[in-house]
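Data block below; observations after.
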Amino acid sequence: MNNSKLKFSFADRYTHEYSNKYYERHKKGILKKFSNILEQNMAAKALKMAGFPKSVLDLPCGAGRFFQTILNMGCERVVAGDSSPGMLQVIKDRFPPEILNKLELLELDLADINLPDKSVDSILCMRFMHHIHDPQHRLAIYKELQRVARDTVCISNWSEGNYKSYREHLYAKRKGIASRCLNPALLEKEFADAGFTIIGKVDMLPGILYWRTYVLKVS
Ligand SMILES: C[S@@+](CC[C@H](N)C(=O)[O-])C[C@H]1O[C@@H](n2cnc3c(N)ncnc32)[C@H](O)[C@@H]1O
């Protein structure tokens, strides 16, 4: 597959206006704040399992939700990439110079990452893969992450086997669409097919929420 031709339609929603709302979204209301704390903890545990990487590519970085967590884990080089110019502008507008000075901000496409082979220790890929429904597209993305990461990839997705996935299955059935929660056995087979070895996995709230981050060793 020629990855440069892969285009994901959901990406069009991340205009400058939407990106500003996305920046605010995880700071508003007690439930969103609580869920953000759980997700930051999940990312921190994954980076710990990955061995506290010294250089991390946060892709897609969105509005920069994970920058502080990555820096808190002792990372010395943070490359922050996203395909949306709107998201990158929000980061430039909203973050203080002390943080911005520590980042390399780049417009990057996950399907065709404009970085050299093995250019970072680890890649943190949060809240992206649940948008990718075609297994061939997932494989193409995994291969691209393998190419750019020297050591590990930390990647989140929606996994079955919890209360939220049960609700998601019911919702999908009612709407007559495919559920976006994937069976862990399928997720893990696809990682193996792409050449990854699983180091570990972290659930955001075990048994309740569907968010799970896998820590993968690149081959
Ligand atoms: C749900 S947000 C997640 C952002 C961040 N990881 C977080 O959890 O806050 C999804 C992000 O994917 C970005 N995106 C969509 N398609 C992309 C692509 N092909 N390559 C890189 N980023 C993409 C969007 O611009 C958006 O910022």
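Mind ranking 49-57, 152-160 by how tightly packed they are, going by the mean number of other C-beta atoms within 10 angstrom, highest first?
In descending order of packing, they fall as 152-160, 49-57.
Just add up the charged neighbours of GLY51: K/R +1, D/E -1, any other residue whose Cβ is under 12 Å from the Cβ of GLY51.
+2
How large, in Å, is the chain by the Kirkwood hydrodynamic radius built from its alpha-carbon pairs?
With all distinct Cα pairs of the chain included, I get 17.7 Å.
What is the distance in Å between the Cα centres of the range 128-187 and the range 76-94?
Cα centres, the range 128-187 to the range 76-94: 24 Å.
What distance in nm separates the simple spin-label points at SER35 and GLN68, each placed 7 Å from Cα in the Cβ direction?
Once both label points are built, they end up 1.9 nm from each other.
Using R₀ = 22 Å, calculate the FRET efficiency as 1/(1 + (r/R₀)^6) where r is the Cβ-Cβ separation of GLU17 and ARG94; round to 0.05.
After rounding, the FRET efficiency stands at 0.95.
As an exercise, use a Förster radius of 35 Å and the Cβ-Cβ distance of GLU24 and HIS133 to find the FRET efficiency, rounded to the nearest 0.05.
Efficiency, from the Cβ-Cβ distance: 0.80.
Counting each DSSP H run of 4 or more residues in the chain as -39500 (n - 2.57), what helix-only mean residue ellipticity at 222 nm follows after dividing by all residues, to the nearest 500 deg cm²/dmol?
Taken over the chain, the calculation gives -12000 deg cm²/dmol.
Throughout, read-outs are computed from the coordinates displayed, never taken from laboratory work. Bear in mind the structure is a predicted one, so any value in this text is a computation, not a measurement. Here the Cβ is made from the backbone with ideal geometry for all residues, glycine too, and neighbour counts use every protein chain on show.
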